[in-house]
Structure formats: structure tokens, C-alpha cells
Amino acid sequence: MSKDSGAGFFTGLLVGTLIGVVVGFMYAPKSGTETRRIVKEKVANLREGASGVAGKVKGAVQSRMAREEE
């Protein structure tokens, strides 16, 4: 099993979850306007969370690369 398979699995899991949430909202018993507002809020929250995770991963990678250069 390669190192990339874990990242691919995580990406697939994240995308699948996002699709599931959007489909769930589409079938929710709320008005279209309210549903779109909720979806926009959730996407904004997801972006913020992903940005935070990306920053942490970037820091960890840079730290590890610095240790390997020593």
C-alpha cells in the first residue's frame, strides 16, 4: 500500500461527506432560500476548516523537511 492511498482515501471521504450533506439539504423540508443560505454557511465553514488543516499540514511538512536537512 502506497503513502498516497491514505491521502486519496481521506480526500474521497471528505468529498463524499460534502456531497451527502448537500443532498441532505436538498431533501430537507425547508424553503429553497433558507436551504441555500445554510449551504453557503456550511461551505464557508468547510473552507475555513480546510484552510486551517492545510496550514497545519504545511507547517508539519516544513518542520519535517527542516529536520531532514540537518
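No value in this document is a laboratory result; all are computed from the given coordinates. Note that the coordinates shown come from a computational prediction; the quantities given were computed from them, not determined experimentally. Ideal geometry is used to build each Cβ from the backbone, glycine not excepted, and the neighbour counts take in all protein chains shown.
Here are the numbers for the structure shown:
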read-out	value
Close Lys-Lys pairs in the chain, where close means Cα under 27 Å and separation is 8 or more or interchain	8
Tensor-based shape of the chain (alpha-carbon gyration tensor, a/c under 1.5 rounded, otherwise prolate or oblate)	oblate
For segment 29-38, 3J(HN,Hα) per residue [Karplus equation, 6.51 cos²θ - 1.76 cosθ + 1.60, θ = phi - 60°, Hz, x = Gly/Pro]	x, 10, 5, x, 4, 5, 5, 4, 4, 5
Check: the chain dipole with +1 on Lys, Arg Cβ and -1 on Asp, Glu Cβ, in debye	320
Chymotrypsin sites (Phe, Trp or Tyr not before Pro) lying in DSSP loop within segment 6-50, provided at most 10 other Cβ fall within 10 Å	Tyr27
Residue (of Phe10, Ser63, Gly24) at the positive-pole extreme of segment 4-69, dipole from beta-carbon charges	Gly24
Loop trypsin sites (Lys or Arg not before Pro), segment 1-60, which have at most 16 other Cβ atoms in a 10 Å radius of their Cβ (DSSP)	Lys3, Lys30
